[in-house]
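The block underneath contains the structure these notes are about, expressed in structure tokens.
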């Protein structure tokens, strides 16, 4: 579990969603080929060469300082470069711009939404030289390293990214924060994630066959959720590439489980009243989605205890107490992870109660209280059960434990439950970075 | 309803020392806290003859207890979560002090504060200065565990066994409780005490409404940034103006849910009492 203050975590809690439809006043795609800047690509390749993954070095700080406009240019130019690597004879390239409004505006005018770049005799040799440089280093090597540059900017130095200036696309994805059930700020998502995804999609022969790309998606998703950041867009991309991966399905299920929680639903209520869409559904629909995703994760890996734990809790919230008891009991039999065991015991207590079985509920809560003696949730539940059976001494004793122990943030893993599924994310991300350092092709 | 059944003995214990002899008794009694209002104002001067109480449809012989003989136990349960602004926190502290100042000698108070954590700042005590001092604690900011806090307050008041008033203040909806709201409301039907809530938020008060109704209390909505001080004093005054009916159930099987129907022989009067109680089977 995480030990960071939940206040901070709550303030950083984010749902990503485009709230409104596209606006017709879109920025024009960059003029081509006049806007092409070979120097920018050379510079970018230099940063990719110099940056040590996971380090906040000068190369990373340089990349973090690139403006939004520069990143939009880079989005097009890097795709052109990668195509030139694969097709050295080509002198004409069509690329979708990163700004969705630009593509939409062109479509509305009956134009091809892609930006076209034609290279004449003056520009083609410089592009060819850059492509040759990539071929020499190895295209997969370059795109992985480059993806890690942009991943590291987004994860290690997000505060160094220049704030967007000028008119922003209304359909640009935004990162929204929630604090105590109320909407906080909303900031436009950094384009570094778009670039990183585009680069991992360029891994050959196919990203869906590449274990490094799979691990990159798993690690970045888990690390985001560890930071209380639920990035629906990133998950959608991950599921498109790896639709059957148990870990990605699990993390997607966790996102929907979080969306069903009072925290998100309370945030959504005023938006729905104003006929706005918060980017997720009502609690019932979100629980259904979560259950379906956890089941698919378990189809892929039947020994995935944490997916079964989450499924059990969701079933309990759906009122399917007997099914929840079955799944959670299964977890308690199998798991060797103390945190998962604690959650399973706690949730099993609630499921037994819903099923009308007070005695096994008490045993489950007692198990949770034994596993994490200072955690208030189980003691409070035990105090309530003692009150029901008229055991005043036990009621007072359990209440004393519940209230006497709630004095530091990390007392009860329940408080970190929403982000606990991502607890391995930072380690996985380090491993992904190290894989590159060890000279992956 | 073990807590209410035990009320006769427990009430006696409030002013007693451990040296006094104690005994167990087979007598079972139920105490029902009743508010009678007319045009929104408490009605005073009613006698036993004015009340009619039915337990699961069976009329009971009730007595009217002299509430002045019963000191209060007030459990102040205050939301110190991230949503509370500094000015609102200052107003909440003032409100808490004004309520404590209005208590009578012999009354007791406890202080719970909550964000995602529920903290017992001061246990139930007659040393009211401790409660006043407790109100100055630094808030532990975080999301809101309203249901957890309400449950802790109910159980704390119930454990005391006296005449318990739970005052819950919150400006935000529950976002981080482990206890489910319906479970807490169900507990409220089982324990002694009346819950009043002061609501300073703009969200759904459904949980607080259900919780207070289950005990015969109510929600006072003071709006965002409203001053809770007058509401706290209104609650205390209203609570002191309630009638205490006691009876030994007759003609109804023990155990399970007992629906209560309390009426007064006075046209236009409104009666607020808990809708029923749970009683453990003997």
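The values are calculated or read from the model by the stated rules, or taken from the named source; none is laboratory data. Because the structure is predicted, anything quoted here is derived from the model rather than measured. Cβ sites come from the backbone with ideal geometry, for glycine too, and all protein chains shown count toward neighbours.
Here is a list of conditions, (1) touching a helix residue (DSSP H, G or I) at 6+ places or on another chain (Cβ under 8 Å); (2) surrounded by fewer than 20 Cβ atoms within 10 Å (Cβ to Cβ), and residue A:97 meets all of them except one; can you say which number that is?
Residue A:97 satisfies all of (1) touching a helix residue (DSSP H, G or I) at 6+ places or on another chain (Cβ under 8 Å); (2) surrounded by fewer than 20 Cβ atoms within 10 Å (Cβ to Cβ) except (2).
Go through the range B:165-272 and tell me which strands (runs of 3 or more DSSP E), entirely inside it, have 3 or more residues that are away from chain A (no Cβ under 14 Å) and under 26 Å from residue B:98 (Cβ atoms).
So the answer is B:194-199, B:219-221.
Looking at the range A:370-385, which of the residues that are more than 9 Å from every other protein chain (Cβ to nearest Cβ) and assigned to a helix (DSSP H, G or I) is surrounded by the most Cβ atoms within 10 Å (Cβ to Cβ)?
Ranking the candidates gives A:379 first.
Is it true that residue B:83 is facing another protein chain (nearest Cβ under 9 Å), closer than 20 Å to residue B:227 by Cβ and buried (at least 18 other Cβ atoms within 10 Å of the Cβ)?
yes
Among the helices (runs of 4 or more DSSP H) lying completely within the range A:84-156, list those that include at least 1 residues that are at pLDDT 95 or above.
Passing ranges, in order: A:124-137, A:139-156.
When you scan the range B:114-149, how many residues do you find that are more than 10 Å from chain A (Cβ to nearest Cβ) and in a strand (DSSP E or B)?
Matching residues across the range B:114-149 total 3.
Residue B:107 passes all but one of (1) out of contact with any strand residue (DSSP E or B) (no Cβ under 6 Å at 6 or more places or on another chain); (2) surrounded by fewer than 23 Cβ atoms within 10 Å (Cβ to Cβ); (3) at pLDDT below 95; which number fails?
(1)
For residue B:155, all conditions in the list (1) within 11 Å of chain A (Cβ to nearest Cβ); (2) part of a helix (DSSP H, G or I); (3) touching a strand residue (DSSP E or B) at 6+ places or on another chain (Cβ under 9 Å) hold save one; what is the number of the exception?
(3)
Taking the options A:339, A:328, A:363, name whichever one is more than 11 Å from chain B (Cβ to nearest Cβ) and surrounded by fewer than 18 Cβ atoms within 10 Å (Cβ to Cβ).
A:363
Conditions: (1) modelled with pLDDT under 65; (2) within 14 Å of chain A (Cβ to nearest Cβ); (3) within 23 Å of the chain's Cα centre (by Cα). Residue B:24 meets all but one. Number of the miss?
With (1) modelled with pLDDT under 65; (2) within 14 Å of chain A (Cβ to nearest Cβ); (3) within 23 Å of the chain's Cα centre (by Cα) applied to residue B:24, the lone miss is (3).
Is it true that some residue in the range A:429-436 is within 14 Å of chain B (Cβ to nearest Cβ), surrounded by 16 or more Cβ atoms within 10 Å (Cβ to Cβ) and under 25 Å from residue A:228 (Cα atoms)?
Scanning the range A:429-436 turns up no residue that is within 14 Å of chain B (Cβ to nearest Cβ), surrounded by 16 or more Cβ atoms within 10 Å (Cβ to Cβ) and under 25 Å from residue A:228 (Cα atoms).
Quick one: would you say residue A:404 is more than 12 Å from residue A:342 (Cβ to Cβ) and more than 9 Å from every other protein chain (Cβ to nearest Cβ)?
It is false that residue A:404 is more than 12 Å from residue A:342 (Cβ to Cβ) and more than 9 Å from every other protein chain (Cβ to nearest Cβ).
Criterion first (more than 19 Å from residue A:208 (Cα to Cα), under 19 Å from the mean Cα position of the chain (by Cα), assigned to a loop (DSSP other than H, G, I, E, B) and more than 14 Å from chain B (Cβ to nearest Cβ)) does residue A:302 satisfy it?
No: the conditions fail for residue A:302.
Every residue in the range A:261-277 that is out of contact with any strand residue (DSSP E or B) (no Cβ under 9 Å at 6 or more places or on another chain) and either part of a helix (DSSP H, G or I) or crowded, with 24+ Cβ neighbours inside 10 Å (or both), please.
A:262, A:265, A:269, A:272, A:273
Among the numbered criteria (1) modelled with pLDDT of 90 or more; (2) farther than 24 Å from residue A:317 by Cβ; (3) within 14 Å of chain A (Cβ to nearest Cβ); (4) within 14 Å of the chain's Cα centre (by Cα), which one does residue B:160 miss?
Going through the list (1) modelled with pLDDT of 90 or more; (2) farther than 24 Å from residue A:317 by Cβ; (3) within 14 Å of chain A (Cβ to nearest Cβ); (4) within 14 Å of the chain's Cα centre (by Cα), residue B:160 breaks only (1).
Return the residue satisfying two criteria in turn: it lies in the range A:244-282 and is in contact with a helix residue (DSSP H, G or I) (Cβ under 8 Å, 6 or more places away or on another chain) and without any contact (Cβ under 8 Å) to a residue 24 or more places away in the chain, and of such residues it is nearest to residue A:419 (Cα to Cα).
A:265
Go through the range A:309-325 and count every residue that is surrounded by fewer than 23 Cβ atoms within 10 Å (Cβ to Cβ), assigned to a helix (DSSP H, G or I) and away from chain B (no Cβ under 14 Å).
2
Suppose we filter A:390, A:356 for residues that are on the phi > 0 side of the Ramachandran plot and within 11 Å of chain B (Cβ to nearest Cβ); which single one remains?
A:390
Name the residues in the range B:76-103 that are without any contact (Cβ under 8 Å) to a residue 40 or more places away in the chain and either part of a strand (DSSP E or B) or over 17 Å from the mean Cα position of the chain (by Cα) (or both), would you?
Listed by number, the residues that qualify are B:86, B:90, B:97, B:101.
Being at pLDDT below 95, under 21 Å from residue B:205 (Cβ atoms), touching a helix residue (DSSP H, G or I) at 6+ places or on another chain (Cβ under 6 Å) and crowded, with 18+ Cβ neighbours inside 10 Å: is that true of residue B:114 here?
Criteria met by residue B:114.
Which of the residues spanning the range B:34-44 are in contact with a strand residue (DSSP E or B) (Cβ under 8 Å, 6 or more places away or on another chain) and farther than 19 Å from residue B:59 by Cβ?
B:35, B:37, B:38, B:42, B:43
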